[in-house]
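All of the numbers you see were taken from the coordinates with simple rules; none came from a lab. Since this is a predicted model, take the numbers as computed values, not measurements. Glycine gets a Cβ as well: all are built from the backbone with ideal geometry, and neighbour counts include every protein chain shown.
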Amino acid sequence: MPVRCPKLSTDLALLRPRSGSWAAAALLVVASAFATGCRQDMHDAPRYDPYEKSPLFANGTSAREPVPGTVARGHLHEDAAFYTGKGADGQWLTTVPAKLKVDEKLLRRGQDRFNIFCSPCHSRVGDGNGMIVRRGYKQAGNFHSDRLRSSQIGYFFDVMTNGFGQMPSYAAQVRAEDRWAIAAYIRVLQFSQHAKLAELPSELRQEAANAAAAEPEPGPHAGAGWGGFGEQQPVAKETHHE
Amino acid sequence: MAQLFSRTANTIAKFSIYGGAVLAGALGWLVISAAPRSSYANGQGVVYKQPVPFSHDHHTAGLGIDCRYCHTSVEEAAFAGIPPIATCMNCHKNIWTNAQLLEPIREAFRTETPVQWRRVNDLPDFVYFNHSIHVAKGVSCFVCHGEVNKMPLLYQQASLQMEWCLDCHRNPEKYVRPRSEIFNWDYQPVGSQLEVGKKLVADYHIQSMTNCSTCHR
């Protein structure tokens, strides 16, 4: 039986240079130019990026929570004191756990993390008047108050870990090592505003003595200023709404 | 038999031959070069509608919050991290608690349902990318993401195309910063960037990584 293919013949006829077909071909080329802009399959491979949405689960996220009670390798937290800030006797630790070496590196790390996570509320000098407080958050703790000067270092760790008052827990944002580094840095901040002249290195002592001699007597509002943290009076409590 | 073509047909024929070549060239340029570089194709500069019109400008330049307060894993992981709603609520349980604009955030917090943000900087899936190594080698957030501190609404600053990646991978000295300045949106190099960059490339042992398998692995 002879094969007849009338469709083919019409298709071929289309390819003959007729006025309309050239325009169609040109359109096709232009269209392909815009088609290159489309995302292709390989751009979005059939796998999940972090936090990509998924229709498989009720809350719409591909990231799954581990089964309650799951302990990741190396995260058993056997060293309870290190993760709670409390010794076996239930008392606050008075020093950074021995696992961490308190050196300049640790203090620099603490400064870095403090400025990222704490300074929004506590301010970079630790007086509790950070930008977020000035925008209406509840007054944050002043590290230069008597209460916090006499607090143990384990207490600071605990507050960072579990929150305190309006302060939320920072355990999810700052790992335990860094929380200890921050606690150590809080001591640096406190010392920076409450050092005795005799505790300074000799060259600084001379400088400080000269500066103190050159400075006029502090006025009645010295406690609210930058230089007033060494005073016993609390830092001004009013918040500044801008 | 009469002439099929008039004399003017000669001009038309010549014009169509040369004109055709020019047209083909223009089309080629459009297809190969211009179209893929257009923001239509690569999403550069496009602002997407988000569940909440979050302003990076306000939270960084305005309030002085460090990038890492929210993007906590940028220094140690491939993914910089999108903050959980709990991070928003650190402040917003106390501030702007009645703002209608923030209702999707509060609702997500109440119902423990994730907010569906529209991803802005999205590399193709066949590209391996790791934030931590770039940060460790002196590539600032602002080099790739642009002046996020001046973006009331976030958009993709770079083309994110391979030629853009290669520009830095070939000549890292044009872009690297001291490690201490990675998150500083006001950073200006002391002296010329090229001189500072060359020194940093040597100090940080930065290699010009242009092997295909560096990124396509």
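Quick notes
- Top of B:13, B:80, B:158 by mean-square fluctuation, Gaussian network on chain B, Cα under 10 Å: B:13
- Cα centroid separation - region B:88-108 against region B:161-217, whole Å: 39
- Evaluated with a Cβ-only charge set (Lys, Arg +1; Asp, Glu -1), the protein assembly as shown carries a dipole of roughly 1800 debye about its Cα centre, given to the nearest 20.
- Region A:87-111 and region A:39-69 have Cα centres separated by 39 Å.
- Of all aspartates and glutamates in the structure, the ones whose alpha carbon falls short of 18 Å from that of residue A:138, not counting any fewer than 8 places away in one chain, are A:127, A:238, A:242.
- Hydrodynamic radius by Kirkwood, which averages 1/r over all alpha carbon pairs of chain B, in angstrom: 21.1
- Label-zone membership for region B:176-217, site residue B:136, 7 angstrom Cα→C-beta point, backbone N under 14 Å: B:204-207
- Modelled spin labels at residue B:208 and residue B:121, positioned 7 Å past Cα toward Cβ, are 2.4 nm from each other.
- Eligible lysines near residue A:101 by straight Cα distance, threshold 20 Å, same-chain separation 8 or greater: A:86
- Whichever lysines have a C-alpha closer than 23 Å to that of residue B:150, once near sequence neighbours (fewer than 8 apart) are set aside: B:49, B:174
- Here region B:74-187 is treated as a sphere whose radius is the Kirkwood value from Cα pairs; by Stokes-Einstein at 37 °C and 0.692 mPa s it diffuses with a coefficient of 199 µm²/s.
- Restricting the GluC sites (Glu not before Pro) of region B:46-131 to loop positions (DSSP other than H, G, I, E, B) with no more than 10 neighbouring Cβ atoms within 10 Å leaves B:112.
- For region B:5-99, with +1 on Lys and Arg beta carbons and -1 on Asp and Glu, the positive-most of B:77, B:97, B:20 along the dipole: B:20
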